[in-house]
Amino acid sequence: MQPVITFALAKGRLAEQAFELLEQLGIDCSEPRHPGRQLVLWDRKNNVRFILVKPSDVPTYVDHGVADLGVVGKDTLLESGRPLYEVLDLTFGRCRLCIAGYAEQQQSATRATFRVATKYPNVARSYYDSKGQTIEIIELHGSVELGPVIGLSDVILDIVESGSTLKANGLTVLEEVCECSARLVVNRVSMKTKRDRIRQIIDGMAEQVARLNN
Ligand code: PRP
């Protein structure tokens, strides 16, 4: 009997693309594709269990070992700082973490410190620390582009995908912090205790990713 494998998936587009990959491996994703209000979903035949959670909670579930595997954006992973095994770049959900603001961006003359609005305070802190620049972080949970537009911050650190939100608000990319995409992550203990089954899933997903990118 195969051990139960639990997947934590970031609700939304990343989960949809993960289902496509998993279905190629013969895992039935019909329950998690139509979850209703149910939070724990199953493919009982293959002993695979799914939990669909907020993206920023995926690393938490995997780190605590209540999920063996997770699919989550690299941006969220960096922000979480959790010690997970990042085993595969799934290559979908591509975007860039960037510093953005007005092209002729200058620090507000009325403020002593440079202000960065972001949903990624840990990433922002380590990025500016590495440049030796002191900043003030303004943590927001959405519509971050408003920061410079309304005068709350000098710049933002946020993900840029198509660039249309920046453009619509008269902002531009000033610096690129890093490239991001969806990643497959594994709990450190599960990697040992459920080694064969997890290896089989990683290898299967890697094969599908390679096939899709050829
Ligand atoms: C994300 C991100 C940007 C936008 C970037 O926001 O925070 O605002 O998408 O995408 P684009 O480059 O294709 O325009 P999201 O849509 O998740 O909403 P939020 O602002 O409420 O977090």
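The values are calculated or read from the model by the stated rules, or taken from the named source; none is laboratory data. Source: prediction; values computed, not measured. Note that each Cβ is placed from the backbone with ideal geometry, even for glycine, and that neighbours are counted across all protein chains shown. Areas reflect the complete protein model, heavy atoms only, side chains present, ligands, DNA and RNA absent. Shrake-Rupley method; radii C 1.70, N 1.55, O 1.52, S 1.80 Å.
Quick rundown of the values:
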read-out	value
Net charge of neighbours whose Cβ lies under 9 Å from the Cβ of Val155, counting Lys and Arg as +1 and Asp and Glu as -1	-1
Accessible-area ranking of Val149, Val62, largest first, probe 1.4 Å	Val149, Val62
Sites matching trypsin sites (Lys or Arg not before Pro) across segment 1-67 that sit in DSSP coil, with at most 12 neighbouring C-beta atoms within 10 Å	Arg37, Arg44, Lys45
0 to 90° range, to nearest 10: angle between helix 121-130 axis and the chain longest Cα axis	60 degrees
Label-point gap, in nm, between Ile150 and Trp42 - each point 7 angstrom along Cα→Cβ	4.7 nm
Of all accessible heavy-atom area on the chain, the percent that carbon and sulfur account for (1.4 Å)	48 percent
Mean Cβ neighbour count within 10 Å, used as a protection proxy, ranking 200-206, 155-161 highest first	155-161, 200-206
Helix 13-24 vs. the chain, principal-axis angle (Cα, 0 to 90°, nearest 10)	30 degrees
Simple spin-label estimate for Glu104 and Asp203 in nanometres, 7 Å along Cα-Cβ	6.1 nm
Cross-link table Lys74/Lys192; Lys119/Lys167; Lys119/Lys192; Lys74/Lys131; Lys119/Lys194, entries beyond 25 Å C-alpha to C-alpha	Lys119/Lys192; Lys119/Lys194
Residue-normalised accessible area of the chain, expressed per residue, 1.4 Å probe, Å²	53 Å²
